[in-house]
Amino acid sequence: MKKILIGILGFIFIFLFAGLGFSEPQGKIGYIDLSRSFDEYQKTKDFDKELEKKGDMKQEEREKLVQEVRKMREELELMNKSAREKKETDIESKIKSLQEFDQDAKVDLTKDRDNMVKDILKEMSDVIKEYGEKNGYSIIVNDRVLLYGDSGMDITNEIIKILNEKYNNKQ
């Protein structure tokens, strides 16, 4: 009796879901390599250069502070005991301000990078959505969740081209 019931349920299961695998999709499906699109977007490249310059400027400021600490330590050896104690306090204060500078610079650069990434990903999302609607796509997925996709479904190059054209037109 149990075998018959299991057989009937299996048959019903196969009958109900067999049609799903063979049904025609309602629209086109595409995928995109988001990381490549992000990296090849000219706005990303330009912002990375800008962020690098800002980082270099912070590094120069930091180097000046380090040189001041070194100079103060060299002066320390030539001083008498009472002047030396005051100088050590000044050095500790300078080291603390150097550490605060490092922390602030790191936070500022990270914040700038995060804002840039957020802005670019929003732009990319808008372009992908617009492209999908305009070209009759039902689904566009990130290639990271894709196990297999025919290369004809890859829209990465088209999206990169659109992003860069829009960016160059704004400049």
It is to be established whether one or more residues within the range 22-29 are within 19 Å of Met153 (Cα to Cα) and at pLDDT 90 or above. yes
Within the range 124-147, which residues are in a helix (DSSP H, G or I) and within 20 Å of the chain's Cα centre (by Cα)? Met124, Ser125, Asp126, Val127, Ile128, Lys129, Asp143, Arg144, Val145
Tell me which residues, restricted to the range 74-88, are loosely packed, with under 10 Cβ neighbours inside 10 Å and part of a helix (DSSP H, G or I). Glu74, Lys81, Ser82
Of everything in the range 108-122 that's among the acidic types (Asp, Glu) and surrounded by fewer than 15 Cβ atoms within 10 Å (Cβ to Cβ), which residue is farthest from Phe38 (Cα to Cα)? Asp108
Residue check: is Ala105 at pLDDT below 80, surrounded by 12 or more Cβ atoms within 10 Å (Cβ to Cβ) and over 30 Å from Met153 (Cα atoms)? no
Residues within the range 140-170 that are surrounded by 13 or more Cβ atoms within 10 Å (Cβ to Cβ) and either closer than 11 Å to Ile29 by Cα or touching a Gly at 6+ places or on another chain (Cβ under 8 Å) (or both), tallied: 7
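The values are calculated or read from the model by the stated rules, or taken from the named source; none is laboratory data. It should be emphasised that the depicted structure is a prediction, and the values quoted were computed from it without experimental measurement. Glycine also receives a Cβ, built like all others from the backbone with ideal geometry; neighbour counts cover every protein chain displayed.
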